[in-house]
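The values are calculated or read from the model by the stated rules, or taken from the named source; none is laboratory data. No experiment lies behind these values; they were computed from the predicted model shown. Because the Cβ atoms are built from the backbone with ideal geometry, glycine has one as well, and the counts that use them run over all protein chains shown.
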Amino acid sequence: MRIGCSPGLRAWARLFAVAFPLTLAVCAQSLERAEALWKARDYKGANNEFRLLVEKFPANPDYRVRWGRLFLDHDQAEEAAGLFQEALELKKDHAGALLGLALIAAEQYSGGAEELARKALAADPKLLEAQELLASLALEDNDNAKAAAEARKALAIDSNSVEGRAILAVIDWLADKKETPWDPHQARGYETAGHFFMINRRYEEAIQYFRKAVDLDPNLDSARSQLGINLMRLGRNEEAYRQLETCYNNGFQDKATRNSLKLMDSYKNFVTFQTDRTILKLNRKEAELLRPYFESEMRRAIATYEKKYQFKLAQPVQVEAYPDHEDFAVRTLGMPGLGALGVTFGYAIAMDSPSGRTPGSFHWDSTLWHEMSHVFTLAMTNHRVPRWFTEGMAVHEETAASPEWGDRITPEILMAIKNKELLPVAEMDRGFVHPKTEVQVIVSYFQAGRICDYINDKFGWNTLLAMIYDFGQGDETSAVIRKELKMEPAEFDKQFIASVEASTKSMVDGFDQWQKGVKQVAESAGKKDWDAVIKEGTAIRDLYPDYVEAASVYEFLAQAYTAKGNQAAAMDELERYVHKGGRNPESIKQLAAALAVGGRKKEAAEVLDRLNLIYPEDADLHQRLGALWLDEGNAAGAVREFRAVVARGPLDPAQAHYDLARAYRLNHQPDEAKDELLASLEAAPGFRPAQKLLLELSAESEQAPRDSVKK
Amino acid sequence: MKLAVLLAAAALSAPAATFYLTIAGLGGEADYDQRFKMWAEDIDTSLKRAGGDTVVVTLQAPTRDEIRARFADLTRQVKPADAFVLMLIGHGSDDGVEYKFNIPGPDITGVELASLLDRIPAARQLVVNMTSSSGGSIEFLRKPNRVVISATKTGTEKNATVFARYWAEALRDPAADTDKNESVSALEAFHFAERKTSEFYDTQKRLSTEHAVLEDTGKGEGERNPSPENGEGRLAAVFPVVRLGANAAAARDPSKRALLDKKEQLEQTIDKLKYEKAAMPEAEYKKQLTALLLDLARTQEALEK
């Protein structure tokens, strides 16, 4: 149920007021009644009362603010923000309205929350909730000193401030101190503790605190909902569902609760494949297709990381791949600054399936290796690693696995470097948890990754390993930098930023020229002026070689060379594009086709194989790659690819089963080959190539016993 | 004896021809004009390349008078034993009362198209209306012995369609020939194009704005999944749109009649066995199927000698 305050209803309310003045008079005076209905979770009733109040007293901002808080409580931030803004139009420094907007910003982890809370406090220095919010925001940034100072200010306003005590207690608890003088002994306080353990990825402890909160106050459904969601994150679905269903039945039906229940209802469409090291959950419709690729990459990543991190995982890693991005998004609801592609909860990874994104926009294997790295850093530190460092290691691992993987330098990152917007290393978490803009998250991922690259290059891998263990001991970033890099964080920033600026200088300096040039190239391509495309494209291509997104210079050049009949030059451009990390399936297939035509079948197959890690849903890919592997005598590769064709539910089942039969035969699996031939001929009994192969196989199986008798 | 005489007569009689008329309508924008023209040319090329006893006519953005004139020519040429295929590519519109195919000058309505088709003597007809809103034309075009395929389910699916792109692909891609009889039937081409169209929208992460249907009973609304259960697709399954090989050659050689009869008998037995699959042990099914398929393969080999 969503409550609304549409103009139509307002008009109706006005009419109602004219027709029934006595009734309205009673309602208009009923702020207390509105509050009581709200407390009783009769949101509809409370909404009606507030609407009548605002109608009756349009110049009173207080009613709008309370009405806004009702909306906020009902998970309707947009409507709430509208009412807070209306209140500010009536009174520009209304503390409650400013606080309301600050709470919305905080809930969305946006950077403006602190400024709004401070404005609210300036308007009303005794506004406890604003002071408590400042403490909470500081702790979310892992700035313990600031958080403690703000929490003490809250306690100075009201010595019974539950939130103030909870923040101080959480600082102790996060530092693994079992006893604290600040234990709030209240359900709301434990709920706050649960929140902080959750955003620090310490889900088990988060669950304990949410459970404690619910035990103290069984009616605290916001804590119960979080208990359910975090249980779901760790895969304890049965209890998770029970807790969330209780919330729902109690009338607590915020977006997170509703969507989590909906997601768990959809789990019936998923199948689970378990091995000794891996648990893979895939949607039934694509499970057979994706399983071989995911399982082999999961095993490869685990083996690589166990050796590299010198750490043995205690249990299998679970990966869930969602073909519907909205389902995946439910897994990250209420969490700050998370990457949009994957998320790791201890030993469980949730991520978009390759089919959840447009082809070429997503390198699923790069994402998998990124998330797998989190599994290791979280397990090695017992979840006590700062956000920036685990993300930095994960980004570092993407390009360590393959230089073609990982995200390229985007124009936004170049601008951030140019405008000197990189954060000091000690404040990196802020860029993830409370980014000032969406771009800051992207820049922070890049910066964190580059910091780990830099430390690896300059100080060696063992230094990074030592840092992981330091973080596991609870050391803060500044202390770890001093201990392992033997320098002050400010000195590190100086050296690191100088290194980044040097390595990106040519791109930063050439970006404006590239930007102008690429527009001209696109225009020339539109006019099919291929000579101009080649002239302009070759002039600007290397000014920004990392740009491999839509309308890349490499692809324009390949198009131009193809149109001019210069296949060799077109192929060179596409090879550059692929090696720079280009992911457009059509361009990759074009390169593979050109290589195959030129007799370079093995290279063609290797190029196509890249696409399996980007968009394995492409039927044409598996058909072509299977044929290439078959020609090259890679029987196992051909079996895998033709199995993918069959798993996808081919348009041409007879051909698909026949191809798979040939691959099995080459792989010395005659029984499987025969089964596939039968499937082919069952679909098309007159299919001549399959008939011929059946006769050959039959002759071979008749010959085999005779040969054995002769021996 | 009587059957043998009839078969001989059939073998000696002149084979029926297939007449194809493809019309690309008005794009309205350069991009659509180019796209419609390209798809029509693609179809034209595939049909001409396939050869056989066919007459292939393609009109690019004709006026209503030009369409009428071409139909008049065809009405004179086509014999009742021939097959006739009309393919429409472009934009269509439907106001809930009338379907119109957009062409330069006055548009042509579904009613008029039906009237022109009714004058074509060919007993077997196929109409593939690939325009937007083409679902609105089914009620005018459907008729016994006529297969009607439309790119959209109803007249209310008004967005430009991509079905034609994949229909054109079906006429040149051997993958569309799912039963491997070296010809692509209307039903096979429909399934191919419908599946590829769905994949296009899935891949692009776009809400599908076209849902192709097939109607060949002369009285239905069109089915997205023609099947024996809904009674649609029987006529389409035996309506060859394009032949990919010379599979008819053997049928004209009287000396191979016995082998052909055996082949047909084996194919029927295999079909029967497939229906019985669910009711028999898997091993037994495989054994019987293998024996039949081996026999069929050897018979086919003998036919090719």
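Would you tally the residues in the stretch B:266-290 being more than 10 Å from chain A (Cβ to nearest Cβ) and not polar (S, T, N, Q)?
The qualifying residues number 11.
Are there any helices (runs of 4 or more DSSP H) wholly within the stretch B:106-216 with 2 or more residues that are away from chain A (no Cβ under 14 Å), and if so which? Please lay out each step first, then the result.
On the way: elements: B:110-119, B:138-141, B:163-170, B:186-203.
Per the criteria, B:110-119, B:138-141, B:163-170.
Restricting the search to the stretch A:547-579, which residues are of a type outside the set (A, V, I, L, M), in contact (Cβ under 8 Å) with a residue 40 or more places away in the chain and either surrounded by 22 or more Cβ atoms within 10 Å (Cβ to Cβ) or in contact with a helix residue (DSSP H, G or I) (Cβ under 7 Å, 6 or more places away or on another chain) (or both)?
Answer for the stretch A:547-579, where residues must be of a type outside the set (A, V, I, L, M), in contact (Cβ under 8 Å) with a residue 40 or more places away in the chain and either surrounded by 22 or more Cβ atoms within 10 Å (Cβ to Cβ) or in contact with a helix residue (DSSP H, G or I) (Cβ under 7 Å, 6 or more places away or on another chain) (or both): just A:547.
Quick check on the stretch A:400-412: of everything there that is buried (at least 17 other Cβ atoms within 10 Å of the Cβ) and free of Cβ contacts under 8 Å to residues at least 60 places away in the same chain, which residue is farthest from residue A:551 (Cα to Cα)?
A:400
If only one of B:88, B:74, B:59 is surrounded by 15 or more Cβ atoms within 10 Å (Cβ to Cβ) and part of a helix (DSSP H, G or I), which one is it?
Exactly one residue qualifies, and that residue is B:74.
Only one of A:368, A:464, A:378 is modelled with pLDDT of 95 or more and under 23 Å from residue A:144 (Cα atoms); which? Can you show your working first?
Working: A:368 fails: under 23 Å from residue A:144 (Cα atoms); A:464 fails: under 23 Å from residue A:144 (Cα atoms).
On inspection, the qualifying residue turns out to be A:378.
With surrounded by fewer than 21 Cβ atoms within 10 Å (Cβ to Cβ), touching a strand residue (DSSP E or B) at 6+ places or on another chain (Cβ under 8 Å), basic (Lys, Arg) and under 25 Å from residue A:614 (Cα atoms) as the only criterion, which of A:331, A:277, A:300 stands out?
Exactly one of A:331, A:277, A:300 is surrounded by fewer than 21 Cβ atoms within 10 Å (Cβ to Cβ), touching a strand residue (DSSP E or B) at 6+ places or on another chain (Cβ under 8 Å), basic (Lys, Arg) and under 25 Å from residue A:614 (Cα atoms), namely A:277.
Where in the stretch A:208-271 are there helices (runs of 4 or more DSSP H), lying wholly inside it, with at least 2 residues that are surrounded by fewer than 18 Cβ atoms within 10 Å (Cβ to Cβ)?
So the answer is A:237-249, A:255-265.
Going through A:641, A:603, A:586 one at a time, which residue ends up being part of a helix (DSSP H, G or I), away from chain B (no Cβ under 13 Å) and surrounded by fewer than 21 Cβ atoms within 10 Å (Cβ to Cβ)? Show your work before the answer.
Numbers: A:641 fails: surrounded by fewer than 21 Cβ atoms within 10 Å (Cβ to Cβ); A:586 fails: away from chain B (no Cβ under 13 Å).
Sole residue among the options that is part of a helix (DSSP H, G or I), away from chain B (no Cβ under 13 Å) and surrounded by fewer than 21 Cβ atoms within 10 Å (Cβ to Cβ): A:603.
Of the residues B:260, B:294, only one is within 14 Å of chain A (Cβ to nearest Cβ), at pLDDT 90 or above, more than 30 Å from residue B:128 (Cβ to Cβ) and surrounded by fewer than 18 Cβ atoms within 10 Å (Cβ to Cβ); which?
Answer to the selection: B:294.
Restricting attention to the stretch A:62-82, which residues are in a helix (DSSP H, G or I) and either among the basic types (Lys, Arg) or surrounded by fewer than 22 Cβ atoms within 10 Å (Cβ to Cβ) (or both)? Write out each step before concluding.
Residues of the stretch A:62-82 that are in a helix (DSSP H, G or I), as a first pass: A:62-73, A:77-82.
Hits for the stretch A:62-82 are A:62, A:64, A:66, A:69, A:72, A:73, A:77, A:78, A:79, A:81, A:82.
Does the stretch A:449-470 include one or more residues that are buried (at least 20 other Cβ atoms within 10 Å of the Cβ) and in contact with a Pro (Cβ under 9 Å, 6 or more places away or on another chain)?
no
Return the residue satisfying two criteria in turn: it lies in the stretch B:110-145 and is among the polar types (S, T, N, Q) and surrounded by fewer than 17 Cβ atoms within 10 Å (Cβ to Cβ), and of such residues it is farthest from the chain's Cα centre (by Cα).
The residue in question is B:115.
Is one or more of the residues making up the stretch B:31-53 under 20 Å from residue B:141 (Cα atoms) and buried (at least 19 other Cβ atoms within 10 Å of the Cβ)?
no
Keeping to the stretch A:126-154, report how many residues are farther than 22 Å from residue A:438 by Cα and without any contact (Cβ under 8 Å) to a residue 24 or more places away in the chain.
The qualifying residues number 8.
I'm trying to understand the selection: among the residues of the stretch B:12-25, which are modelled with pLDDT under 95 and either of a type in the set (A, V, I, L, M) or on the phi > 0 side of the Ramachandran plot (or both)?
Just the residues of the stretch B:12-25 that are modelled with pLDDT under 95, to begin with: B:12-18.
The answer is B:12, B:14, B:16, B:17.
Has the stretch B:26-39 got at least one residue that is modelled with pLDDT of 95 or more, over 16 Å from the mean Cα position of the chain (by Cα) and under 18 Å from residue B:116 (Cα atoms)?
The answer is no, given that none of the residues of the stretch B:26-39 is modelled with pLDDT of 95 or more, over 16 Å from the mean Cα position of the chain (by Cα) and under 18 Å from residue B:116 (Cα atoms).
Here is a check on your reading of the model: is residue A:625 in contact with a Lys or Arg (Cβ under 8 Å, 6 or more places away or on another chain), crowded, with 19+ Cβ neighbours inside 10 Å, more than 11 Å from chain B (Cβ to nearest Cβ) and part of a helix (DSSP H, G or I)?
Spelling it out, it is not the case that residue A:625 is in contact with a Lys or Arg (Cβ under 8 Å, 6 or more places away or on another chain), crowded, with 19+ Cβ neighbours inside 10 Å, more than 11 Å from chain B (Cβ to nearest Cβ) and part of a helix (DSSP H, G or I).
Looking at the structure I just gave you, is residue A:609 part of a helix (DSSP H, G or I) and at pLDDT below 95?
no
Here are A:297, A:320, A:288: which of them is away from chain B (no Cβ under 14 Å) and not in a helix (DSSP H, G or I)?
A:320
Only one of these conditions is not met by residue A:146: (1) within 21 Å of residue A:112 (Cβ to Cβ); (2) crowded, with 18+ Cβ neighbours inside 10 Å; (3) among the basic types (Lys, Arg). Which number is it?
(2)
Mind checking whether some residue in the stretch A:693-705 is within 20 Å of residue A:632 (Cα to Cα), more than 7 Å from chain B (Cβ to nearest Cβ) and surrounded by fewer than 17 Cβ atoms within 10 Å (Cβ to Cβ)?
Within the stretch A:693-705, not a single residue is within 20 Å of residue A:632 (Cα to Cα), more than 7 Å from chain B (Cβ to nearest Cβ) and surrounded by fewer than 17 Cβ atoms within 10 Å (Cβ to Cβ).
Determine which single condition residue A:270 fails, assuming it passes every other condition in (1) closer than 30 Å to residue A:246 by Cβ; (2) touching a His at 6+ places or on another chain (Cβ under 9 Å).
Just one mismatch for residue A:270, condition (2).
Of all residues being within 10 Å of chain B (Cβ to nearest Cβ) and under 23 Å from residue A:282 (Cβ atoms) in the stretch A:649-678, which is nearest to the chain's Cα centre (by Cα)? Just the residue, please.
The extreme case among them is A:649.
Per-residue answers, yes or no, for (1) loosely packed, with under 14 Cβ neighbours inside 10 Å; (2) touching a residue at least 24 places away in the same chain (Cβ under 8 Å); (3) assigned to a helix (DSSP H, G or I); (4) of a type outside the set (Gly, Ala, Ser):
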position	(1), (2), (3), (4)
A:478	no, yes, yes, no
A:487	yes, no, no, yes
A:498	yes, no, yes, no
A:516	yes, no, yes, yes
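Checking the conditions here, which among A:521, A:597, A:500 is modelled with pLDDT under 95 and either out of contact with any Leu (no Cβ under 6 Å at 6 or more places or on another chain) or more than 23 Å from residue A:407 (Cβ to Cβ) (or both)? Before you say what the answer is, go through the steps one by one.
Values: A:521 fails: modelled with pLDDT under 95; A:500 fails: modelled with pLDDT under 95.
Of the residues listed, the single one that is modelled with pLDDT under 95 and either out of contact with any Leu (no Cβ under 6 Å at 6 or more places or on another chain) or more than 23 Å from residue A:407 (Cβ to Cβ) (or both) is A:597.
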